[in-house]
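The values are calculated or read from the model by the stated rules, or taken from the named source; none is laboratory data. If you're wondering where the values come from, they're calculated on a predicted model, not measured in any experiment. With ideal geometry, Cβ positions are generated from the backbone for all residues, glycine too; neighbour counts draw on all protein chains shown. Only protein heavy atoms, including side chains, enter the accessible area calculation; ligands, DNA and RNA are left aside. Shrake-Rupley method; radii C 1.70, N 1.55, O 1.52, S 1.80 Å.
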Amino acid sequence: MPEPQSSVASSGSVDRLRNAFGGVLCTFTLLLIGVLAFSIRLFSVIKYESVIHEFDPYFNYRVTQFLSKNGIYEFWNWFDDRTWYPLGRVIGGTVYPGLTLTAGTIWWLLNSLNIPLSVETVCVFTAPIFSVNASWATYLLTKETKGPGAGLMAATILAMVPSYISRSVAGSYDNEAVAIFALIFTFYLYVKTLNTGSLFYATLNALSYFYMVCSWGGYTFIINLIPMHVLLCIVTGRYSSRLYIAYAPLIVLGTLLAALVPVVGFNAVMTSEHFASFLVFIILHVVALVYYIKGLLTPRLFKVAMTFVITVGLAVCFAAAAILVALIASSPTKGWSGRSLSLLDPTYASKYIPIIASVSEHQPPTWPSYFMDINVLAFLVPAGIISCFLPLSDASSFLVLYLVTSVYFSGVMVRLMLVLAPAACILSGIALSEAFGVLTRSMKFQRPTLDDVSSTAGDGSSDTPTNSEMVSKEKPSKKNRKKDRDSEGSSPVDHRTEEKLLVLPCGPSAVGIMLLIILSGFYVVHCVWAAAEAYSAPSIVLTSRSHDGFHVFDDFREAYGWLRHNTDVDDKVASWWDYGYQTTAMANKTVIVDNNTWNNTHIATVGTAMASPEKAAWEIFNSLDVKYVLVIFGGLIGYPSDDINKFLWMVRIGGSVFPQIKEADYLKDGNYRVDTHGTSTMLNSLMYKLCYYRFVETDGKGFDRVRRYEIGKKHFKLTHFEEVFTTHHWMVRIYKLKPQKNRVRGKLKFKPSSKTSSMRKTGGKKSPWQ
Amino acid sequence: MPRATSDAKLLIQSLGKAYAATPTNLKIIDLYVVFVVATALIQVAYMGLVGSFPFNSFLSGVLSCIGTAVLAVCLRIQVNKDNKEFKDLPPERAFADFVLCNLVLHLVIMNFLG
């Protein structure tokens with residue numbers, strides 16, 4: 001019968017055309033999302049210039065320069081003698097190579113195609129490129145869980161979320177730029193393996209995990225989250241052979257690949273961060289064996305086997321657990337690294353590791369920062385969680401677990417809101433997509449134009465299902481009905497009847513759609529504002545707008561440029577550790593301490609020197625071969641992040657190692673003060689003198705615009721240091737150590753101050769520099 | 001007590017009978033897994049005798065054994081005709097995936113062996 005066949009064929013071709021159109025639309029939307037993600041991160045390049053931001057990116061930039069100049073073997077074996085003088089730093093073994101290798105590869109590829117981009121340009125634009133990749137990976141992950149509509153929604157939201165923008169603007173050349181892409185892509189491959197059970201995707205998953213290990217120390221999140229999810233699946237009775245295929249090869253291959261990266265090395269099998277994965281590996285094998293034997297035996301025999309195994313197995317388990325606990329308990333930190341411990345116990349860092357506690361990124365976030373960073377998503381996420389439960393699949397339970405753990409960690413450290421951002425975006429994308437789906441469906445089914453199957457509000461739905469079901473069984477003669485149903489674009493019949501039961505009235509659903517669009521509009525406006533105003537400052541160049549015009553403060557680069565051109569190659573510069581990376585990268589000088597902060601004692605030495613009186617500080621710096629000392633001073637223009645405000649950390653860190661620095665000596669009524677009420681130890685310290693030397697000449701009174709009072713000691717001379725350079729707005733001040741006098745006649749003449757007596761008082765424990 | 005021993009004997013007998021009914025290709029894979037695990041145990045015993053330096057060689061040796069065992073178990077899962085989830089996966093595809101994954105694993109092992 002040709003007629004029904006042609007109708008089936010034409011409805012089939014209509015379906016194919018519809019699918020093709022859908023695919024093209026999807027691809028085009030993904031392209032637009034990519035363009036959006038890239039361009040929203042370009043505000044800093046437009047407002048300032050194409051420059052590397054902050055502190056850490058300068059180190060990565062320097063490493064990438066070295067890689068591009070000397071090749072990969074030199075990079076792998078590089079021992080850097082220009083930082084942490086005189087200790088040096090093994091770069092090959094202590095840096096996460098993913099970011100630099102990625103940017104180096106892009107640079108090499110472009111240059112071999114004769115597109116002569118400089119290393120700096122490639123470094124600046126690496127982050128926006130990888131955020132494009134991250135949004136596409138989000139689309140793939142959400143599509144695996146809930147379908148392409150939710151995927152597109154989630155990808156759009158991630159392209160704009162301010163939390164991710166803050167760490168991936170053009171110029172923010174830091175590990176998170178590629179690590180977030182690797183995180184989402186690894187999760188996508190894991191979910192894909194879980195859904196399909198294909199060993200091919202399991203291999204790709206392990207390779208993507210390897211890329212994540214190369215890129216960021218946060219890979220421990222993955223290697224603990226996935227075992228948690230496997231355990232959750234086992235406990236809730238969702239064990240399947242796909243779970244085994246998704247997890248077991250990942251652990252074996254992943255551990256090996258992680259051990260390949262020099263930074264991780266044998267930590268991949270010896271630290272507590274990885275023990276959870278091994279434990280769940282064993283548990284999974286036990287469960288798989290149990291299910292296999294259950295399939296072989298009859299139920300009665302299976303019960304017998306279980307009782308037998310449990311008695312023997314428990315005994316063995318207890319013995320093994322006792323050995324493991326004894327091993328772990330014997331190490332002081334129970335096998336965990338300091339950073340992981342500070343995540344699990346938020347108060348750990350403030351008690352034991354002042355350096356971790358001093359970084360502002362490691363403080364717990366305030367409530368407003370949640371609204372600033374993920375905005376509207378904060379209340380769309382619970383709707384997404386509910387939507388994940390109807391129906392609950394392995395993939396959606398994984399997303400819920402990911403969200404819950406990342407919410408906890410984001411509450412411990414502000415910096416980890418970045419890990420929360422993809423989870424929040426995915427769940428909000430799911431929520432919004434479901435909401436739009438319900439509302440548009442209810443509007444579609446209430447249109448009066450089509451045939452009587454889709455009549456008014458959902459009232460008559462009880463008899464129409466049986467009607468349409470009968471229709472589906474009489475295929476050949478009802479080709480009209482079938483064509484009409486196809487032209488509505490519906491899926492199988494019983495699905496459609498279910499949808500009809502969820503129908504809302506037409507008016508409210510139109511209002512609902514309008515309101516959702518307005519909500520998304522608010523989100524977009526906020527994201528663009530946050531990207532333009534809040535997160536695009538390069539912090540190496542400052543701007544301010546005042547009544548007499550627009551000012552640009554380029555003092556940092558001025559100072560580093562002076563250092564680069566007016567000092568010898570081998571001169572050593574001492575400053576607080578914040579500026580180490582910038583000094584080595586831009587001024588090309590050897591520094592004493594830098595942002596890597598791996599040696600607490602060395603940092604404490606510099607802190608002690610800054611907090612000591614001039615002569616003691618000179619002794620300390622001379623023993624380290626320092627020639628120049630650099631301080632940041634914001635008192636003239638009101639820049640609040642200067643060294644006087646950071647001074648409390650110098651005292652605390654120095655005091656934690658050298659007992660002659662006592663914090664109480666610097667406090668007056670519990671405050672650090674530099675005016676006339678300040679303690680004499682404070683007013684005699686090197687930091688005070690270097691910052692405020694000749695400051696009184698600027699306005700005659702010495703009014704500090706940050707601290708908002710006049711300084712205490714106004715007229716003083718420096719005996720052991722001489723000023724060599726002060727930048728235009730007095731933000732960076734560079735001093736040189738005066739060489740020792742040739743002749744010392746009799747008693748050394750120096751100003752009698754409390755320092756000698758306080759040092760004599762400490763008696764037994766003398767500092768090594770006296 | 002005697003009931004327990006007779007139960008245990010009955011258990012082992014029925015396990016043996018049920019296992020004998022599995023197809024030959026699956027039994028070959030099981031034999032391979034047993035061989036690989038035995039190799040791993042021999043390596044651990046050797047490490048106990050002579051010490052664990054160089055540690056990366058020991059780790060790569062043991063993990064290569066465990067890795068091939070895991071991959072062989074995955075192959076067995078995918079090739080097993082009783083497994084309803086994989087009934088439309090051709091066994092050639094399963095074997096190709098197995099070979100690919102083994103290649104990646106051994107590439108990493110070769111690199112890590114030192």
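Partner chain Cβ atoms within 10 Å, averaged over the residues of B:66-75 - can you pull that number for me? Mind showing how you got there, number by number?
Numbers: counts 6, 7, 1, 3, 12, 8, 0, 8, 10, 2.
Average per residue, whole number: 6.
Over the alpha-carbon set of the protein assembly as shown, work out the extent along each principal axis and list the three values in angstrom, largest first.
Between the extreme Cα coordinates on each principal axis of the protein assembly as shown lie 117, 78, 58 Å.
Taking the Cα centre of the protein assembly as shown as origin, sum charge times position over the Cβ atoms of Lys and Arg (+1) and Asp and Glu (-1), and report the length of that vector in debye to the nearest 20. Could you put the intermediate results ahead of the total?
Details: 78 positive and 62 negative charges, 448 e Å.
For the protein assembly as shown, the charge dipole is close to 2160 debye.
Sort A:TYR709, A:TYR402, A:TYR408 by heavy-atom solvent-accessible area, probe 1.4 angstrom, most to least.
Details: A:TYR709 45, A:TYR402 0, A:TYR408 105 Å².
Largest to smallest exposure gives the sequence A:TYR408, A:TYR709, A:TYR402.
Rolling a 1.4 angstrom probe over the protein chains, ignoring ligands and nucleic acids, what is the accessible area of A:ILE430 in square angstrom, nearest 10?
0 Å²
Does segment A:552-737 come out rounded, prolate or oblate, given a ≥ b ≥ c as the square roots of the eigenvalues of its C-alpha gyration tensor, rounded meaning a/c under 1.5 and, failing that, prolate meaning a/b above b/c? Numbers along the way, then the final one.
Numbers: a/c = 1.60, a/b = 1.13, b/c = 1.42.
Cα axes put segment A:552-737 in the oblate bin.
Please compute the contact order of segment A:178-302 in relative form: average sequence separation of alpha-carbon pairs under 8 Å and at least six residues apart, divided by the residue count, as a percent. Could you put the intermediate results ahead of the total?
Working: 114 pairs, mean separation 33.6, N = 125.
With pairs under 8 Å counted, the relative contact order is 27 percent.
Farthest toward the dipole's positive end in chain B, which of B:GLY48, B:ALA8, B:ALA96, given Cβ charges of +1 (Lys, Arg) and -1 (Asp, Glu) about the Cα centre?
Farthest towards the positive pole: B:ALA8.
Which order do the peptides A:138-144, A:89-95 come out in when sorted by mean C-beta neighbours inside 10 angstrom, highest first? Kindly include the intermediate steps, with their values, before the conclusion.
Working: A:138-144: 25.3, A:89-95: 17.0.
My ranking of the peptides, most packed first, is A:138-144, A:89-95.
Under the rule of -39500 (n - 2.57) per DSSP H run of 4 or more residues, summed and divided by the residues of the protein assembly as shown, what mean residue ellipticity at 222 nm is obtained, to the nearest 500 deg cm²/dmol? Write down the numbers at each step before the final one.
Numbers: 38 runs with 564 residues, N = 884.
Helix-only estimate at 222 nm: -21000 deg cm²/dmol.
In debye, nearest 20, what is the charge dipole magnitude of segment A:504-576 about its Cα centre with +1 on Lys and Arg Cβ and -1 on Asp and Glu Cβ, if you could check?
Numbers: 4 positive and 8 negative charges, 86 e Å.
Roughly 420 debye for segment A:504-576.
Grab the other residues whose beta carbon is less than 11 angstrom from that of A:ASP625, score K and R as +1, D and E as -1, and report the net.
So the surrounding residues net to 0.
Rg/Rh for segment A:352-429 to two decimals, with Rh computed the Kirkwood way over all alpha-carbon pairs. Walk me through the intermediate numbers first.
On the way: Rg = 14.1 Å, Rh = 13.2 Å.
Over the Cα atoms of segment A:352-429, Rg/Rh equals 1.07.
Along the positive direction of the dipole of the protein assembly as shown (beta-carbon charges: Lys, Arg +1; Asp, Glu -1; about the Cα centre), which of A:SER685, A:GLY549, A:TYR581 reaches farthest?
The one lying farthest along the dipole's positive direction is A:SER685.
What Kirkwood Rh does segment A:70-117 have if only Cα atoms enter the pairwise 1/r average? Answer in Å. Display every interim value, and only then the final one.
On the way: mean 1/r = 0.0823 Å⁻¹.
Roughly 12.2 Å, rounded to one decimal.
Express the relative contact order of chain B as a whole percentage, based on alpha carbon pairs under 8 Å and six or more residues apart in sequence. Before the final figure, lay out the partial values.
Values: 63 pairs, mean separation 32.4, N = 114.
Result for chain B is 28 percent.
Could you tell me the center-to-center distance, by alpha carbons, between segment A:615-678 and segment A:201-259 in angstrom?
47 Å
Which of the peptides A:369-378, A:294-303 is most tightly packed, and how do the rest follow, judged by the mean count of other Cβ atoms within 10 Å per residue? Show your work: numbers first, answer last.
Numbers: A:369-378: 20.6, A:294-303: 13.4.
Ranked from most to least packed, the peptides come out as A:369-378, A:294-303.
How much FRET efficiency would the formula 1/(1 + (r/R0)^6) give for A:THR676 and A:LEU117, where r is the Cβ-Cβ distance and R0 is 45 Å, rounded to 0.05? Intermediate values should be presented prior to the final figure.
Working: r = 56 Å, r/R0 = 1.25.
Efficiency, from the Cβ-Cβ distance: 0.20.
As an exercise, use a Förster radius of 35 Å and the Cβ-Cβ distance of A:THR698 and A:ALA534 to find the FRET efficiency, rounded to the nearest 0.05. Spell out each step's value before the answer.
Numbers: r = 31 Å, r/R0 = 0.90.
The calculated FRET efficiency here is 0.65.
Return the average number of partner chain Cβ atoms within 10 angstrom of each residue Cβ along peptide A:194-201. Present the calculation step by step, with values, prior to reporting the outcome.
On the way: counts 0, 0, 2, 8, 7, 15, 7, 1.
Across the residues of A:194-201, the mean count of other-chain Cβ atoms within 10 Å is 5.
For chain B, find the longest principal axis of its Cα atoms and tell me its angle to the long axis of helix B:2-20, 0 to 90°, nearest 10.
Helix B:2-20 sits at roughly 70 degrees to that axis.
Sorted by mean Cβ packing within 10 Å, highest first, what order do the peptides B:37-49, A:71-83 take? Provide the component values of the computation, followed by the final result.
Details: B:37-49: 12.8, A:71-83: 14.5.
Order by mean packing, descending: A:71-83, B:37-49.
Identify, among A:PRO659, A:TYR247, A:ALA315, the residue whose Cα sits farthest towards the positive end of the charge dipole of the protein assembly as shown, taking +1 on the Cβ of Lys and Arg and -1 on the Cβ of Asp and Glu, with the dipole about the Cα centre.
Positive-most Cα among the choices belongs to A:PRO659.
Which shape class, rounded, prolate or oblate, goes with chain B when its Cα gyration tensor gives a ≥ b ≥ c as root eigenvalues, a/c under 1.5 marks rounded, and past that a/b bigger than b/c marks prolate?
In terms of gyration-tensor shape, oblate.
How crowded by other chains is B:79-88, given as the mean number of beta carbons from other chains within 10 Å of each beta carbon?
Working: counts 0, 1, 0, 1, 4, 1, 5, 5, 0, 0.
For this peptide, the per-residue mean of nearby foreign Cβ atoms is 2.
With only Lys, Arg, Asp and Glu charged, each at its Cβ (+1 for the first two, -1 for the last two), find how big the charge dipole of segment A:552-737 is about the Cα centre; round to the nearest 20 debye. If you can, show how the numbers build up before the last one.
Values: 22 positive and 23 negative charges, 75 e Å.
Here the size comes out at about 360 debye.
Taking 22 Å as the cut-off for C-alpha to C-alpha distance, list the pairs among A:LYS47/A:LYS69; A:LYS701/A:LYS741; A:LYS192/A:LYS294; A:LYS615/A:LYS738 that go past it. Don't skip to the end; give the middle numbers.
Working: A:LYS47/A:LYS69 30 Å; A:LYS701/A:LYS741 34 Å; A:LYS192/A:LYS294 28 Å; A:LYS615/A:LYS738 11 Å.
Table pairs above 22 Å Cα-Cα are A:LYS47/A:LYS69; A:LYS701/A:LYS741; A:LYS192/A:LYS294.
Please state the shape class of segment A:528-580: rounded when a/c is under 1.5, otherwise prolate if a/b exceeds b/c and oblate if not, all from the C-alpha gyration tensor. All intermediate terms of the calculation are to be shown ahead of the outcome.
Working: a/c = 3.49, a/b = 1.97, b/c = 1.78.
Judged from the Cα gyration tensor, segment A:528-580 comes out prolate (a/c at least 1.5, a/b above b/c).
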